[in-house]
Amino acid sequence: MKRFFYFLPIFLIACGNPFYEESLESPEDVVSITVTPPSKRLYRYGETFDRTGLNVKVYRRNKTSYDEKNPAISGFDSKREGIQTITVSTGGKSYQFIVGVMLFALNPSAPEISVPRSGTVTLKTENGASGSWTVYVFKGDTLESTPRLDPKSGDSISFPAPADSGIYTIAANFQIRGVRLCRFYLLKVV
């Protein structure tokens, strides 16, 4: 029996501890995390969250790191249209990124805009818009650019068209009568 107890610690050191799970370590052990958001950032109403491309690297106090395979993800609701902030967390650290959820696959109620590559995109909305606009540009299901923020109030916003030809989806956040709204527009850059 003594040989078993002498052998067991050597086995655990040589093979790793099978009873230890990295994702359950205490938050004090985690110094930071880096997150590569998933490639899919634009969803149709009712679609499930797609983790493809999501990479979470955890850095520990002892200067080691590992890839977290199953981080906690919160904030996604495929039955709520608009821009949503998704939070990825593990080991007491978190990271946020945005996704858009459109009510319709091609959003037929949204206007279609066509502009040349060197042109300007102008979005208009209902009268009464106030506060700043935040505009997100998606190409396919991926986020094409960082958000554009226009601090001016009003019912329209203008910004340069994307540099490449193609079909884009624009999500614009603005405020009307105290309510924050999101409208989607189909943009063709020719």
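Quick notes
- Each Lys and Arg adds +1 at its Cβ and each Asp and Glu adds -1 at its Cβ; summed about the Cα centre, segment 112-189 shows a dipole of about 140 debye.
- Amide proton proximity set for GLU68, modelled H, under 5 Å, gap of 5+: VAL56, LYS57, VAL58
- Options ASN62, TYR95, THR48, ranked by Cα towards positive dipole end of segment 27-102, top entry (Cβ charges): ASN62
- Taking a point 7 Å out from the Cα of VAL190 in the direction of its Cβ, the residues of segment 161-179 whose backbone N falls within less than 17 Å of it are 161-168.
- Unit charges at the beta carbon, dipole of segment 112-189: most positive-side option, GLY131, PRO162, VAL121: GLY131
Only the coordinates and a few stated rules stand behind these numbers; no lab work does. This is a predicted model, so every value here is computed, not measured. A quick note on method: Cβ atoms are made from the backbone with ideal geometry, for glycine too, and the neighbour counts reach across all protein chains shown.
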